[in-house]
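Participant: Pasting in a structure now, in structure tokens, and then I'll have a few things to ask.
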Amino acid sequence: MINAEFEDLLLSVKPESAEAFYETIYTKCRAADLSAGAGLDLFRGLASWQQRQTDPVLQSYGFLYLSALLDSGQIEPTALPVGAIEACIVPYVEAASAHHVLSADGYFIHFMNHMTFFVGSAIEHMSYNYDDRRALVDLLLTIYLDARKNFSANEELCLAELILRANLSVDQYTGLLARLVPLSPSGFDGEWLIVTWQNSNRRNLAMVLHLLGQKVGTLPARAIADCLDAHSAHYLGAK
């Protein structure tokens, strides 16, 4: 159960104040004197609040509010199993490609990036092992790869930064990069445009991973080279 102060705060948030409310919730979480159990209750309460929202602006920003709580240090590193993070994301898988970046009223809706920030906070502050981190990265990557839209608001940059910060094993990175090779339009009758968008998303993520990975030396060189070569061959063959 959320305490009365946080309950009142959440009742006050509206689509027009959703962005500014992130700073409010982070500041309140940092300043709160919560027990370990109360911090976990607040996480559950925030997740429940998000699921009760019908406005996609508030649904999307709900991930940033959960992220703010994790960043505030009020959750014990062993308190949230990976399944708790996944359970917050799964109801919004389709939302990642169902909305434009701006609502009709001009408010920001960005499930893909907001989910990525949320997972980044979980990986940073929870005591997750290789397999736990891979599971979360795989979930986000699947959402990104399956999206039926051409991402155009730095989604690949946010996701690439998370992938590199996840500090996966070499084998896990190799498997991840193998998922970024281009799809063939054949077999996708009537959906060639969607496949084109998805291949563009794949190529953009692979290129950003390559550029950022050069600085940290995390990615297996052969795997990233093979992925980029596959995109080059696909692009040239489609000309």
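What follows is calculated from the coordinates using simple rules that are stated; it is not laboratory data. It should be emphasised that the depicted structure is a prediction, and the values quoted were computed from it without experimental measurement. Heads up, the Cβs are rebuilt from the backbone with ideal geometry, glycines too, and the neighbour counts pull from every protein chain shown.
Participant: Taking the stretch 41-137 as the region of interest, what is the percent of Cα-Cα pairs per 10 angstrom bin, listed from the shortest bin to the one with the maximum distance?
Facilitator: With a bin width of 10 Å, the distribution comes to 16, 50, 27, 6, 0.
Participant: Oh, and also: Amide H of residue 102: which non-local residues (sequence gap of 5 or more, or other chain) have their own amide H closer than 5 Å, using H built in the peptide plane?
Facilitator: The list, which skips near neighbours in sequence, is 109.
Participant: Compute, for the stretch 169-239, the length of the dipole vector about the Cα centre, with Cβ point charges of +1 (Lys, Arg) and -1 (Asp, Glu) only. Units Debye, rounded to 20.
Facilitator: Dipole magnitude for the stretch 169-239 comes out near 240 debye.
Participant: Starting with the fewest neighbours, write out 85, 25, 194 ranked by other beta-carbon atoms found within 10 Å of each beta-carbon.
Facilitator: 194, 25, 85
Participant: Using a Förster distance of 22 angstrom, determine the FRET efficiency expected from the C-beta separation of residue 215 and residue 152, and round it to 0.05.
Facilitator: FRET efficiency, residue 215 to residue 152: 0.35.
Participant: So if I average 1/r over every pair of distinct C-alpha atoms in the chain and take the inverse, what Kirkwood radius in Å does that give?
Facilitator: 18.9 Å
Participant: A further question on this structure: Across 10 Å bins from 0, what is the distribution of all Cα-Cα pair distances for the stretch 169-239, in whole percents?
Facilitator: 20, 50, 23, 7, 0
Participant: Further question: Taking R0 as 45 Å, what's the FRET efficiency between residue 79 and residue 192 from their Cβ-Cβ distance, rounded to 0.05?
Facilitator: 0.45
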